[in-house]
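Here the structure is laid out as structure tokens; the discussion comes afterwards.
The values are calculated or read from the model by the stated rules, or taken from the named source; none is laboratory data. Quick caveat: nothing in here was measured; it's all calculated off a predicted structure. Don't worry about glycine lacking a Cβ; one is built from the backbone with ideal geometry, like all the others, and counts go over all protein chains shown. The accessibility values were calculated without ligands, DNA or RNA, using every heavy atom of the protein model including side chains. Shrake-Rupley method; radii C 1.70, N 1.55, O 1.52, S 1.80 Å.
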Amino acid sequence: SANPYYQIQPKNGILLPEILHQVFCQLSPQDLNNVLLVCRLWREVGEAPGIWSGLHLNVTRNNIAFMPQLLKSRRMKTVRKLMLETVSDELLQAVIRHKGLREMDANGIDLSGVEASLLARAVTGMEDVDI
């Protein structure tokens, strides 16, 4: 009997984007970043915002400097949750501009150094905030 895999594989030997999408949705963020380097097709499929929607971004002292820029990227448009170990005014401004974020966990961090009105604007569109 015929293998079902070969029935869905195109004649040129490349997996259909729909199949790649299903596979990519099962990968960890690190593995997904790696597959984006394989070829142009895999990058196009892997950068689809829907693949990244289940990702929770963890903001730490080590990565806070590039988080505002990361939140602007195409693949991060559907990220819904942000976990904060630290915060900055620049990060909160990026959170305000990001229309997909719905959850923010800032439990246990010192927020006294951020502007109160900026923090208020950042949490205004959220569905779940833990401070």
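Descriptive notes on the structure:
- Residue within the range 67-82 that is touching an Asp or Glu at 6+ places or on another chain (Cβ under 8 Å), surrounded by fewer than 14 Cβ atoms within 10 Å (Cβ to Cβ) and within 23 Å of Ala48 (Cβ to Cβ) present: yes
- One residue stands out among those in the range 99-108 that are open to solvent by 20 Å² or more (accessible area, probe 1.4 Å) and part of a loop (DSSP other than H, G, I, E, B): the one that is nearest to Gly54 (Cα to Cα), which is Arg102.
- Enumeration of residues in the range 25-53 that are touching a residue at least 24 places away in the same chain (Cβ under 8 Å) and open to solvent by 30 Å² or more (accessible area, probe 1.4 Å): Cys25, Pro29, Leu41, Glu44, Glu47, Pro49, Gly50, Ser53
- Any hit, the range 62-79, residues being over 12 Å from the mean Cα position of the chain (by Cα), over 28 Å from Gln26 (Cα atoms) and not in a helix (DSSP H, G or I): yes
- Lone unmet requirement of (1) closer than 25 Å to Asp130 by Cβ; (2) touching a His at 6+ places or on another chain (Cβ under 8 Å); (3) at pLDDT below 90 for Lys81: (3)
- Matching residues in the range 31-90 - criterion: being out of contact with any Ser or Thr (no Cβ under 6 Å at 6 or more places or on another chain) and of a type in the set (Asp, Glu): Asp31, Glu44, Glu47, Asp89, Glu90
- Selection count, the range 109-124, where residues are in a helix (DSSP H, G or I) and either closer than 19 Å to Arg61 by Cα or open to solvent by 100 Å² or more (accessible area, probe 1.4 Å) (or both): 2
- Among residues that are of a type outside the set (S, T, N, Q), within 12 Å of the chain's Cα centre (by Cα) and not in a helix (DSSP H, G or I), Leu57 is included.
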